[in-house]
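Heads up: the structure comes next, in structure tokens.
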Amino acid sequence: MSDMGTQHTALAAEEVTPTPEAPSRTASRRLPLPHWSWLGIGALLLLACLAPFQLVPFRTFQLALAMIYAVALLGLNLLVGHTGQISLGHGAFFAVGAYTSAVLLDRWDTPYFATLPVAAAVAFALGFALGIPALRLRGLYLALVTLAIAIFLVPLLKRFESLTGGSMGLTLTKPAPPAWTELAEDQWLYFLALLVTVVSFLLVAGLLRSRVGRALHAIRDNEIAAEVMGVCLAFYKTLAFACGAMLAGAAGCVYTWVIGFVSPDSFAVGLSITLLAGLVVGGLGGLWGPLLGGLFVMYVPSFAQDLNQAAPGVIFGLLIIAVMYLAPNGLAGLLGRTARWLERLVRKGKNNAY
């Protein structure tokens with residue numbers, strides 16, 4: 001190589017290689033950033049554990065119900081947000097879990113904690129059985145079939161009066177807190193709901209990171225391509241239906257513990273529609289969406305009732321429209337955009353520091 005070529009190569013190397021005193025912008029972008037999501041989860045759990053000791057019993061009761069709805073929405077999100085199927089009958093599985101627990105407690109005096117796996121298993125079996133004939137349906141046709149399930153469930157519950165209590169429902173005794181906890185009844189029920197919520201979110205997070213989650217996402221994105229890649233559509237669609245129903249059944253069981261009463265009118269078709277609306281408002285396809293949707297389902301109807309007792313449904317609908325207009329991807333998407341904006345600010349500050 002000539003002297004001129006050697007000199008040119010050396011100059012180019014000097015320009016590309018950053019000096020130790022002045023790191024390049026590329027290197028600064030690779031610096032590890034704080035795990036904001038883990039910090040947020042830790043702070044949220046801490047606040048959740050402290051909440052029942054700072055709030056009045058009624059507010060504690062409301063938060064417990066919000067977490068129960070979040071578990072139900074977690075199952076609905078598994079079906080709608082991660083598999084791409086539409087369901088308007090999720091409230092029916094919620095009712096199945098609630099009535100399974102109530103009947104076991106009222107008729108056979110079953111221990112409270114034993115009713116949870118039974119309610120989840122019954123809802124899982126029902127979801128699996130209903131998922132098989134729904135395999136040939138999609139879109140609006142699947143929505144109509146699931147809506148029919150939610151419609152005929154209420155008169156079905158009223159018909160078997162000797163078992164379900166008919167239109168009068170069943171009144172139950174709430175779980176009493178153990179003496180060693182020194183907790184009030186509302187605090188004990190709150191922590192039961194919190195425990196079921198945390199376990200449910202951990203199970204779903206693990207499921208979505210497995211090959212099952214990847215298969216569900218492939219079906220959601222493109223069914224034909226997923227089938228070509230070897231994904232069994234029938235199995236995974238039915239599994240999504242069953243797992244979503246199982247989570248709704250578990251939520252219904254804890255609902256029975258917290259409320260202490262079940263009646264058919266509590267699980268009318270409006271519950272299924274409200275759950276779907278809450279999931280869309282909270283955000284589809286993520287783990288934060290069901291949690292925000294649970295808060296929406298719990299607090300927004302009561303807020304609408306306080307604003308206008310004559311037409312709470314109108315206020316509720318207008319609030320949904322407003323949220324969808326301001327956050328088309330749901331409240332979780334709005335939070336995600338805010339987090340990314342803060343992350344860009346942090347990156348920009350570090351780059352300017354160098």
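The values are calculated or read from the model by the stated rules, or taken from the named source; none is laboratory data. In this text the structure is predicted, and so the values were computed from the model without any measurement. Reconstructed Cβ throughout: ideal geometry from the backbone, glycine too, with neighbour counts over all protein chains shown. Just the protein is used for accessible areas: all its heavy atoms, side chains included, with ligands, DNA and RNA removed. Shrake-Rupley method; radii C 1.70, N 1.55, O 1.52, S 1.80 Å.
Diffusion coefficient (Stokes-Einstein, Kirkwood radius over C-alpha pairs, 10 °C, 1.306 mPa s) for region 175-299: 95 µm²/s, rounded to a whole number.
For region 128-231, the spherically averaged projection of the C-alpha convex hull amounts to 10.8 nm². Among 67, 324, the order of accessible area from largest down is 324, 67, computed with a 1.4 Å probe on protein heavy atoms. Computed per residue of the chain from DSSP H runs no shorter than four, each worth -39500 (n - 2.57), the mean residue ellipticity at 222 nm is -25000 deg cm²/dmol. The overall shape of region 253-330, judged from the alpha-carbon gyration tensor, is oblate: a/c is not under 1.5, and a/b is no greater than b/c. For region 170-255, the list of GluC sites (Glu not before Pro) that fall in a loop by DSSP and count at most 14 other C-beta atoms within 10 angstrom reads 182.
A 1.4 Å probe over all protein chains sorts 82, 217 by accessible area into 217, 82, starting with the largest.
Simple point charges give the picture: +1 on the Cβ of Lys and Arg, -1 on the Cβ of Asp and Glu, and for the chain a dipole about the Cα centre of about 540 debye. Rounded to whole Å, the principal axis extents of the Cα atoms in the chain read 101, 52, 44, largest first.
Give the carbon-plus-sulfur fraction of the accessible surface of region 256-341 in %, rounded to a whole number; probe 1.4 Å, heavy atoms of protein chains only. Here it works out to 72 percent. Only Cα pairs under 8 Å and 6+ residues apart enter the sum, and on that basis the relative contact order of region 121-251 stands at 48 percent.
What region 232-307 shows is 31 Å² of accessible area per residue, with the surface traced by a 1.4 Å probe over protein heavy atoms. Projected label points at residue 58 and residue 174, each 7 Å from Cα along the beta carbon direction, are separated by 1.4 nanometres. Extension gain for residue 41-residue 305 works out to 91.9 nm (0.36 nm per residue, less the C-alpha to C-alpha distance).
Across the chain, the mean sequence separation of Cα contacts (distance under 8 Å, 6 or more residues apart), normalised by length, yields a relative contact order of 30 percent.
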